[in-house]
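Engineer: Below is a structure I'd like to ask you about.
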Amino acid sequence: MKKGLVGSITLIIIMGVVAFIGFKCTTRVPAGYNAVQYDINGGIKEKTLEQGWHFTSPTITTTLYTTGLEQSYLTSEKKGDSPNDDSFQVPTKDGKQVTVSLEFSYYFDKNRLAEIFTRFKGKSGEEVKESFIKDKIKSWSREVTEQYPVTDLFGGKIAEINRELDVHLRNKFEPYGIIIDTVNITDTIVDDETKAAIQKKVNAQQEQELAEIEAKTAKINAEKEKEVALIAAEKDKETAQINAEQEVIKAQGKAEAKIIAAEAEAEANKKIADSLTDDLIEKIKYERWNGEMPMVQGSSGTIIDMSDLTTETE
């Protein structure tokens with residue numbers, strides 16, 4: 001009886017030890033992460049563990065680093081990994097201080113995880129983010145904002161500033177094996193005096209832009225009116241030219257008609273003249289004579305009857 005009880009207890013102990021060892025020798029790596037293996041007997045192993053379940057030696061500990069894109073926040077509101085007010089102040093070119101909220105995404109270079117593990121003395125990716133990445137984001141962002149006046153952080157140049165932050169922070173973190181994907185300033189806060197000055201400048205810019213738009217509109221309208229006038233003048237010119245050409249054509253037609261008529265009449269007269277002979281002329285005279293002798297008026301005004309002279313002569 002006692003032997004059976006002892007055996008049962010021994011079996012339970014053995015199963016517990018096996019379960020404990022199994023638990024200690026099993027490592028789960030979540031999706032989007034890699035784990036660095038550190039053996040207390042041999043140091044860092046070259047090969048990292050990818051996502052999934054893995055059996056490892058009890059002498060090995062693993063440290064997780066995100067190798068998938070991870071979003072992080074430094075905002076005034078509670079958001080993501082920013083449970084409190086994590087907004088921070090940045091300087092501007094004109095000496096103002098602006099409070100900004102910022103979001104960024106990052107991941108660790110999976111080919112340099114052993115180096116990262118050593119550099120940060122075994123800290124996990126999460127610990128590196130909280131103790132190093134966020135602090136450097138704040139510090140190195142200031143190197144960019146101090147090149148811009150305060151109005152640019154509120155105006156149309158915020159997109160340009162964000163692009164410059166992307167490049168600047170990516171270059172700064174790259175030597176540490178940390179890849180910055182995107183950086184965006186999402187909110188800006190200034191004191192009331194600065195806000196009033198910014199608003200005044202914005203209003204002046206808007207008024208200037210409105211005046212420029214109105215001037216451009218007036219210029220466009222004037223150019224349109226000028227264009228319409230030129231088109232109308234060109235049309236009138238073309239109409240006058242067409243009318244003049246038509247008059248010229250008419251005049252030429254009339255002149256040509258007269259020339260043709262004159263030529264025809266001259267031709268007809270020439271033909272008539274060519275057809276007249278002495279006999280024909282005498283014949284025409286004879287046919288047209290009424291049988292009476294002509295009367296001739298002398299220089300003294302007396303009229304001489306040619307028939308009488310004819311009679312006397314006979």
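The values are calculated or read from the model by the stated rules, or taken from the named source; none is laboratory data. Just so you know, these numbers come straight off a predicted model, no measurement behind them. Positions of Cβ are generated from backbone atoms using ideal geometry, with glycine treated the same way; all protein chains shown enter the neighbour counts.
Engineer: Just checking, does region 170-178 include any residue being more than 31 Å from the chain's Cα centre (by Cα), assigned to a strand (DSSP E or B), of a type in the set (A, V, I, L, M, F, W, C) and modelled with pLDDT of 90 or more?
Structural biologist: Checked against the condition, which is being more than 31 Å from the chain's Cα centre (by Cα), assigned to a strand (DSSP E or B), of a type in the set (A, V, I, L, M, F, W, C) and modelled with pLDDT of 90 or more, region 170-178 yields at least one hit.
Engineer: In region 109-122, is there at least one residue being touching a Leu at 6+ places or on another chain (Cβ under 8 Å) and surrounded by 16 or more Cβ atoms within 10 Å (Cβ to Cβ)?
Structural biologist: Within region 109-122, not a single residue is touching a Leu at 6+ places or on another chain (Cβ under 8 Å) and surrounded by 16 or more Cβ atoms within 10 Å (Cβ to Cβ).
Engineer: With respect to SER139, determine if the residue is among the polar types (S, T, N, Q), in the same structural domain as SER76 (by TED's automatic domain parsing), under 20 Å from ASP85 (Cα atoms) and modelled with pLDDT of 90 or more.
Structural biologist: Yes; evaluated as a whole, the condition is true for this residue.
Engineer: Take the conditions closer than 30 Å to GLY155 by Cβ, modelled with pLDDT of 75 or more and part of a helix (DSSP H, G or I) and apply them to ILE213. Does it pass?
Structural biologist: Yes, satisfied.
Engineer: Could I ask something else about it? Taking the stated definitions as given, is LEU113 at pLDDT 95 or above, under 25 Å from THR188 (Cβ atoms) and either in a strand (DSSP E or B) or not small (Gly, Ala, Ser) (or both)?
Structural biologist: Taking the combined requirement at face value, the residue does not satisfy it.
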